[in-house]
Amino acid sequence: MLIRKLFRFESAHIVRNCTTRRCSRSLHGHSYKLEVLIEADALDHGQMVYDFGLLKGAVADFVDAFDHSVTLWSGDDPAYIEQCKRFSERWVVLPVSPSAEQFSRVFFRLIDAVLTNTEMVNGESGVRLHSVIAHETDTGYAQCFREDACNPRMGDFRLEEIAFSARVKEEWANPQMFAKLLAGEPFINPPA
């Protein structure tokens, strides 16, 4: 069975090397919608695949990191990156270009790592991330499935290569959340 949780965030970017001049040469923003689809082969003690409320923790904080942030590609012009960091306290640097396609892959990898490292305590069984859909506009989106998330032909990257600004991390419920995730420390769901 599949469930879907919808998140929203506002973010600015430039997608270098794309065909459209406006997209590749001008800083611009979008009202993103992010759909997280989770699957399981059984229901928990509350007769749910996964309690939607549990997604309000680390998953929501990672999505919120991009809200009112400028998303930068680490391969962009260093002077541009430094200027954006200088004039914006909220930024995220990705090891891949911030296209809708790469957003869906980055979010898949982050959310999958959170779910994989979460200790389930309410009878959840077989819970896993099915896919992530990143809507850049009302008419355009990219959907990442498991086989896309680590496909080197789409750009290989490690989560350790993502950088969040100090301000973004300060606003998380647990400012050490990303370091904890990278270290493989468990996230523990609250008891029912």
Which angle from 0 to 90°, rounded to the nearest 10, does the C-alpha axis of helix 78-87 make with the longest principal axis of the chain?
70 degrees
Taking a temperature of 4 °C and a viscosity of 1.567 mPa s, what whole-number D in µm²/s does Stokes-Einstein yield for the chain with Rh from Kirkwood over alpha carbon pairs?
75 µm²/s
Neighbour-count order for Glu39, Glu82, fewest beta carbons within 10 angstrom listed first
Glu82, Glu39
Can you give the % of DSSP beta bridges in segment 2-188 that are antiparallel, to the nearest 5?
75 percent
Checking Arg109, Arg153, Arg22 against a Gaussian network model of the chain (alpha-carbon springs below 10 Å), the top fluctuating residue turns out to be Arg153
Setting aside same-chain residues fewer than 8 positions from Lys33, which lysines have a Cα under 17 Å from its Cα?
Lys5, Lys56
Neighbours of Ser165 by Cβ distance under 11 Å: Lys/Arg at +1, Asp/Glu at -1, summed charge +1
With everything on Cα atoms, drop me the angle between helix 100-116 and the longest principal axis of the chain, reported from 0 to 90° to the nearest 10.
30 degrees
With eigenvalues of the C-alpha gyration tensor scaled by 5 and rooted, segment 129-192, Å:
25, 16, 16
Could you tally the net charge around Glu35, taking each other residue with its Cβ under 10 Å from the Cβ of Glu35, Lys/Arg +1 and Asp/Glu -1?
+3
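Bear in mind these aren't lab numbers, they're just calculated from the coordinates by the rules spelled out. All of these numbers come straight from a predicted model, not from anything done at the bench. Cβ sites come from the backbone with ideal geometry, for glycine too, and all protein chains shown count toward neighbours.
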